[in-house]
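Reviewing the structure listed below.
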Amino acid sequence: MASNFKSDDSFLRKLAVGAAGTNATIERLTAMGFNPIELERGSTGFKIWKKIKIKRVRVPDILCLNTGLRFESRGKTKPEISMSHSLKDPRRTWDAGMRDDDYVSIVVFEQNAESPVDLRRISPVHFISVKDLRDAFAAKRISITKPKGVEEGSEIRVLWTCAVASQKSTISEVSPKRLRLQPPPPARCQTIQLSRSKGAISLTPQVQVNDAVETNQIVAAVVPVHLTLTCPTQVDEASFIGKLGSINLSERYAAAKALRFRGYTTAHPALEERMNHSQEDIYVQLEAAAALAAYDHPTGWAFMEAKLRSSVLDVPLETQLETVIVVSEIPKDRSERLLIEVLQDAGRDEEIRAGAAWALGQFATATTATALVDTFNSTALEIKTEAARALLKIAEPQIAHLVELLKNSDPSRRDGISWALAKTGGFNPRDVLRDADDNLRRWISYIIGHGKDKLAEQDVDAICRSDPEVYFAASVLWQILASWVDGLTEY
């Protein structure tokens, strides 16, 4: 039977574009004076958990802590205003969980064919209000695609017709029938007809004569499109406290998350009530607990610790993994200790331990570095892999400690340390070679071979004199890595 799930590569590409869109939107909002945070957890990254599937609350990607406005970002690889939609599941309609005053952002990227995560932004960030999108949807000023192919799932897409500038240009004409865009010579003028689908759809110009426009900028559409927004009046802590009691799940979730950052003057009782409410969604409970724990309130910590110290019979794996991720967002020593406890518990599910390793990438301390290195002789590849990636994230301020660990650790733990040091550099490999055993000399060859550009040239050259065998082994790696056949596949 054919699978309805996206392949790993296809899924990663979509996640990477989505994350790039969210990050670009956050950057643009910050530049305009907003105070944005990630609201939908995971929307700014592209980590894939393969075994444990977390089904989170459907909320917009971004929340402004000052104004309470929410933003759903849409990273695209082609310039269009479109949203995934379901005709059968009301929880998966294009505007599920959204308010009229929310915004959708549209930003286009060019994706490297070789690397799904190598992206270049090729458009401005556009903002469209959900109310305007809903009005156009209700008036049928939209088109709906057929269901996607089997690999892409069964959702359809709603498209709000728009037109974009093909290159940097100046608007030379705006009339009821068309736009004319004049790029710098010798490029030819671009003409955009505003009547589409035999007159059934009319585009409204989003520009004026003499406006300068960017490549892939939306210049006409069936909905108003904004490149800048003005911050409305700020909301206070009481506003978010009030929304903790909303009947709307996404409102309660956003309020609990906002209160972690917007102060703690009067929110404590309301947060504790949400956390302990027996009928509340677990993800709202976790956000309320995190808001309490961020201010070192013992009940918040007790709630999360109980989730991580319970058996899978009492707390599902997806809840445990989400708790691990939530804990990693609280920059406290207690968070670090709890995550290390999970990582070191051999009786736990391997993906939960791998999640703890990944989460420890938020804690750049010697204690965390040592705990991560201690996993490198583990039999579970997934745990070692996440530990190595986390170690790389925190390596730069820990270089001296990592070098000592490389010199003194059991040989079975040196591979992960060497990988992180090769990608980070910042130390003299000759210092490690003094009194090095044969295994360590091999790993120094690996570090020099893979990390030559991260090490001082004079330090590498000096190894040729102090240990010619290590230098020769590294030079073999240089030759292989520089060859066009490195990475060549047969298909």
Subject >> Checking T385 against (1) under 25 Å from the mean Cα position of the chain (by Cα); (2) outside any helix (DSSP H, G or I), the condition it does not meet >> reply: (2)
Subject >> Output for region 454-470, where each listed residue is under 19 Å from T424 (Cα atoms) and without any contact (Cβ under 8 Å) to a residue 24 or more places away in the chain >> reply: E457, Q458, D461
**OP:** Among the candidates N66, N112, single out the residue that is polar (S, T, N, Q), at pLDDT below 90 and outside the structural domain of S197 (by TED's automatic domain parsing).
**Re:** N112
Original post:
Do the conditions hold for G416, that is, is it of a type outside the set (V, I, T) and under 27 Å from the mean Cα position of the chain (by Cα)?
Top reply: yes
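For region 179-200: of the residues being of a type in the set (D, E, K, R) and farther than 20 Å from I142 by Cα, which is modelled with the highest pLDDT?
R180
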Subject >> Set K78, K131, K140, K146: member being assigned to a loop (DSSP other than H, G, I, E, B), among the charged types (D, E, K, R) and out of contact with any strand residue (DSSP E or B) (no Cβ under 9 Å at 6 or more places or on another chain) >> reply: K140
Original post:
When only residues in region 223-232 that are surrounded by fewer than 23 Cβ atoms within 10 Å (Cβ to Cβ) and touching a strand residue (DSSP E or B) at 6+ places or on another chain (Cβ under 6 Å) count, which is nearest to F34 (Cα to Cα)?
Top reply: L229
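Return yes or no: is L321 within 21 Å of K47 (Cα to Cα), touching a residue at least 40 places away in the same chain (Cβ under 8 Å) and outside the structural domain of L65 (by TED's automatic domain parsing)? Steps first, answer last, please.
Working: within 21 Å of K47 (Cα to Cα): yes; touching a residue at least 40 places away in the same chain (Cβ under 8 Å): yes; outside the structural domain of L65 (by TED's automatic domain parsing): yes.
In short, yes.
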Original post:
Which members of region 463-487 meet the condition of being closer than 26 Å to L392 by Cβ and either of a type in the set (A, V, I, L, M, F, W, C) or in contact with a Phe, Trp or Tyr (Cβ under 7 Å, 6 or more places away or on another chain) (or both)?
Top reply: I463, V470, A473, A474, V476, L477, W478, I480, L481, A482
Subject >> Residue among T323, T368 that is buried (at least 19 other Cβ atoms within 10 Å of the Cβ), modelled with pLDDT of 95 or more and touching a Lys or Arg at 6+ places or on another chain (Cβ under 6 Å) >> reply: T323
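The values are calculated or read from the model by the stated rules, or taken from the named source; none is laboratory data. What you see is a predicted model; the values in this text were computed from it and never measured. Methodologically, a virtual Cβ is constructed for each residue, glycine included, from the backbone with ideal geometry; neighbour enumeration extends over all protein chains shown.
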